[in-house]
Amino acid sequence: MTDQATRSERYYLTTPIYYVNARPHLGHAYSTVVCDAIARRKRALGIDTWFLTGTDEHGQKIERSAKLAGCAPQEFADAIAAEFRGLWDRLGLTYDDFIRTTEPRHKRGVQRLFATLRERGFIYKGRYSGQYCIYDEAYVDGPPGTLCPDCGRLTENVSEENYYFKLSAFERKLLEFYEENPEFMGPESTRREVISFVRGGLRDLSVSRTSFSWGIPVPGDEKHVVYVWLDALANYITALGYGSDDPTDKARFERFWPADMHLIGKEISRFHCVYWPAFLMAAGIAPPKSVRANGWLLFDQGKMSKSRGNIVRADTVMQVLGTDALRYFLMREIPFGQDGNFSFDALVQRYNGDLANGYGNLVSRVVNMVHKYFGGVVPEVGAETQAEITLRAHAERGVAEFGPAFDALNFSDVLKQLWLLVAETDGYLTANAPWKKPADRSDSDHAKLQARVLATAAEAIRIITALAYPVLPDAAAKVWRQLGLGEIAEAARSGFLKHLTWGGLKAGTKFGEPAPLFPRAEKDAVERMQNLEDENNRSVVEAAGNKPGMVTPAPGPTNPVVGAVRTERGAHIEPESPGEAAPTGTTAAPGDAAQPVNAVPTEPVAPEHATRTLSPTPVSAAHESPASETISIDDFAKVELRVAQILVAERVPKADKLLRLEVDLGYEKRQILAGIAQHYEPEKLIGRKIVIVANLAPRKMRGLESNGMLLAASLEGGAPVLAGFLEDVPLGARLK
Ligand code: ME8
C-alpha cells in the first residue's frame, strides 16, 4: 500500500473542548452530534476513525466560577466534566476519547509544546499592558474601558510580564497557507472573516499569565501559567499522545495527526484558523487539514447560551421524542454553517412529518405486509416492471450522491433528498397496492405483484436505512433487525457502506418481529418538553444552592416539583410563577410570621437566608411613608456604601426579575444579584457605575450567592432607577 493510501484510510475529527463553567446544553450537543454522525459514517465506510471530544478546564473564568460556587477549581471542573460525559453517553455518542485539560497527559503535552516553541525561537519574554476579556479569555486592542468586540463585555486593564508568541512572523505564511489550501476553512463567511483578520495585521500574542494560577505552569518559570487558548488548542494533539515518549502514544499521534477536521462553532474560528496553525507551524508540526464552523443554534431569537439564560437541554428532547429525533432535527432543520432556530413546535412537526408518518410508517407497512403475505420471509422479486426499474435507479442515484454531499457537510440537503426516496417508495407502494386484489387479476398474478412490490420496497428501505444510519443510529438498528439483517453496528464495523449496492436483501431472508419506530407524538409533546425544562430549572435552583455543577438532574421526571422545591437542607423555596410566588414585598424567616420588607417585588428567597432587612431590590416603596424613626450617625456608619462598576450583567435562567451582576470595587470583584431584570437590559448595564451596600451579609438566591446590594430609587408603579453620579468617581470610593 502506498503511504497516500494508508493515510486516506484514517480520519481524525474533533469537537471543541467545552468550558466547564456551564452545564451542557443543546448548543454543545449540536456540534457533538454532528461529529458523531460523521464519525459513524466514516467507520461504516471502513475508515479507521478517531473521534475526540472533551472539556476545557483552565483559566480565570473557571477559577472565578469555582470561587463563586464556593469550591476548588478541580472539584468544580470534575463535576461539570462528568455532566458533559454523562450526557454524551446518554446520547449514545461514539467518541473514542474524552480529553480533560486538567489531565497529566495534557499538561505534559502542553509543556512540551511550550518548550518546543521557545527552543525554536518563537517565544520571548515581554510586558503586556492592555485590555483583556476574561469571558472570552482574549486580548483586546484599545484603551481602558474598551468593550470586548466578541461578547461586548467590559475588558479589564492588565499589565504583566508575559511570554509572547511571535504571531507577527506568521502573517504571510498563514495567508499563503490559506491560498494553497482552499479547503482549510469553511464555510465561506468564516474563510472571508479569517483572511481579512490576518490581512489586517498580526501582532505578537501574549501566551502566559501571572495574575492567576489555575492553569498549566510554564516549564522552568512556574509563576506563569500558559495562556488558556494555547493550553486548550493543544488538546487536539495531546489527546493523541503528543508529548509522550510511550511508543503506543507516539504511534497514535503519527497515525492520526494532522486532524482531518476540527468542527467548531463559528465564534471560535479565529483561534482555530489563525493561532492554532501558527502555533503548529512554529513547532514544526503540520496544521490540521480543515476547520469547519457550525452556525449558532438560536432559541427565542438569541444564541443559545448560558449567559443569555435561554438554553434547552438535550435530555428534555431525548425523554419525550428519543435521541434520533434530536439528531435528525439538528441535522435536517439547520443547513450546516448557518444559524438556525430551535423550537419545540418545529421539532414536533419534523418528528411527526418525517419520522413518524414518513420513514416509520413506511417501514411498518412493508414489514407487516411481508409478515402477513409471506410469513415474514423475503419473496423473490421476479421480473421487474418499469416502476421497479425507476425506483431502483433513483435509489442508486441516491447512494451515489449521498456520500459526496454528506462529506461536504450538506446534511440538511442529503436528508431532504433521502426523504424524497422515502416518499417515492411510499408512493410506489400506494400506486401498486399489494394489499388490494382487483377482481380481474388472477391469484397467481396478484401473488407475483405482491412479491415484486414488497421485495422492492423492502430493498429500498434497506438502502434508505443504511444511508440514514449515521443520523438515526437507534432507528436504523431496529429496522436492520426487522429486515432480518442482524446488528447494524456489526455491519458498520465491517464497513458495509463501502459496498452499498441495490440488491443486498436476498430472497429467503427471514424478517424479525415488527416493532414500532417513531410513535406519533401526541398533542401534548410540546407542553411536556416545556414542563421538563421548567422542572429542571427549578431543580437546578434547588441544587445550585449546594454547588453548581454538582448535580445532573437525572433524565426522567426524577425531581417531581409541584408548586415548590426543596433544598437539600429541607428549606422551602416558592416557585417563581406569579400566581404562586410569595406575596410581593414579603418574605418570612422560618418560624416568623410573614413580615413586610422593603422590597419591590421579591425574588423567591430561601428563607434560611432571608431576613427582614435583606432584599435583592434595595428600594423602599415610594408610597410608604418615609422612615419615622431617626437613626444615629453611628447607625448610618455601619452601612458601607461604595462605588462599583458593572463588569458582567446577565439574566438568571427562568428568573424573570433577577440579574446576576459581577461588579468591580477597585480593590475586589464580586457577584451581586438584583431584581431589576424587568427594567434594565443587561447589555446596557455593562460599564455603568453604581452604588452598592458593600458590607451586607452574603445571601443566596436561586442558588447563587449575592454579595451586596445595589441602590435604586423606587417609584410607585414605576421602574426602579439606579443611583449613579454625574461626575467621575473612582471605584471603591465610600459614600458617607
Ligand atoms: O469556546 N449553537 O467552549 P464553549 C451552536 N472552550 N453551537 C454552540 C452553541 C450554540 N448556541 N453554544 C455552544 C469554548 N456551541 C472553548 C473551546 S476548543 C480548543 C476550546 C458549541 O463551552 C460550539 O461548537 O464556549 C461552540 O464553538 C462551542 O460549543 C463553545 O463551547
Excluding same-chain residues fewer than 8 positions from Lys173, which lysines have a Cα within less than 21 Å of its Cα? Lys289
C-alpha long axis of helix 247-256 to longest principal axis of the chain, angle in °: 70
Pick out, in residue order, every one of the chymotrypsin sites (Phe, Trp or Tyr not before Pro) in the range 650-736 that is DSSP loop and has at most 16 other C-beta atoms within 10 Å; say none if there are none. Tyr667, Phe725
Quick one: order Thr116, Thr53 from most to least accessible surface, probe 1.4 Å. Thr116, Thr53
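Thr385 to Lys523: extension gain in nm, 0.36 nm per residue of separation minus the Cα-Cα distance?
45.5 nm
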With every protein chain present, what accessible area does Lys689 have (1.4 Å probe, heavy atoms only), rounded to the nearest 10 Å²? 60
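With respect to the cross-link table entries Lys61/Lys654; Lys166/Lys689; Lys416/Lys437; Lys266/Lys523; Lys416/Lys654; Lys42/Lys166, which display a Cα-Cα separation exceeding 31 Å?
Beyond 31 Å between Cα atoms: Lys166/Lys689; Lys416/Lys437; Lys266/Lys523; Lys416/Lys654; Lys42/Lys166.
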May I ask you to list the GluC sites (Glu not before Pro) in the range 135-201 that are in a DSSP loop and have at most 15 other Cβ atoms within 10 Å of their Cβ? Glu183
Just to confirm my numbers, what's the Cα centroid distance between the range 491-517 and the range 333-363 in Å? 25
List Phe51, Phe299, ordered by accessible area with a 1.4 Å probe, largest first: Phe299, Phe51
Per DSSP H run of n ≥ 4, the term is -39500 (n - 2.57); total these for the chain, divide by its residue number, and report the mean residue ellipticity at 222 nm rounded to 500 deg cm²/dmol. -11500 deg cm²/dmol
Restricted to Cα positions, what overall size does the chain have along the principal axes? Three whole-Å values, descending. 108, 68, 40
Express in whole angstrom the spacing between the alpha-carbon centres of the range 200-222 and the range 238-273. 21
Quick one: with all protein chains in place, what share of the accessible area of the chain is carbon or sulfur, to the nearest percent (1.4 Å probe)? 51
Accessible area, probe 1.4 Å, largest first, for residues Arg520, Arg108, Arg392, Arg40: Arg520, Arg108, Arg392, Arg40
Once the Cα atoms of helix 361-374 and of the chain are each reduced to a long axis, what angle between those two axes, in degrees from 0 to 90 to the nearest 10, is obtained? 30
Return the lysines within reach of Lys506: Cα separation strictly under 19 angstrom, same-chain partners fewer than 8 residues apart disregarded; answer none if there are no such residues. Lys372, Lys448, Lys478, Lys498
Among the DSSP beta bridges whose two residues both lie in the range 3-296, what percent are antiparallel, rounded to the nearest 5? 50
Result for the chain: accessible area per residue, probe 1.4 angstrom, in square angstrom, of 42
Considering only the chain, percent of DSSP beta bridges that pair antiparallel, nearest 5: 70
The range 332-485 - percent relative contact order, Cα under 8 Å, separation 6 or more: 32
Mind jotting down the distance between the C-alpha centroids of the range 395-429 and the range 20-88, whole Å? 32
Simple Cβ-charge dipole of the range 43-87, Lys/Arg +1 and Asp/Glu -1, about Cα centre, in debye nearest 20: 120
Highest-first arrangement of 15-28, 522-535, where packing means the average Cβ count within 10 Å: 15-28, 522-535
Could you state the angle between the C-alpha long axis of helix 443-468 and the longest principal axis of the C-alpha atoms of the chain, as a value from 0 to 90 degrees rounded to the nearest 10? 30
Output the relative contact order of the chain, whole-number percent, from Cα pairs under 8 angstrom with separation of 6+ residues. 12
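Could you tell me which GluC sites (Glu not before Pro) in the range 651-736 are loop residues by DSSP with no more than 12 other beta carbons within 10 angstrom of their beta carbon?
Glu668, Glu716, Glu727
The values are calculated or read from the model by the stated rules, or taken from the named source; none is laboratory data. From a predicted model like this one, the values you see are computed outputs, not experimental measurements. No Cβ is skipped: glycine too gets one built from the backbone with ideal geometry, and neighbour counts run over all protein chains shown. What goes into the accessible areas is simple: the full protein's heavy atoms, side chains included, and nothing from ligands, DNA or RNA. Shrake-Rupley method; radii C 1.70, N 1.55, O 1.52, S 1.80 Å.
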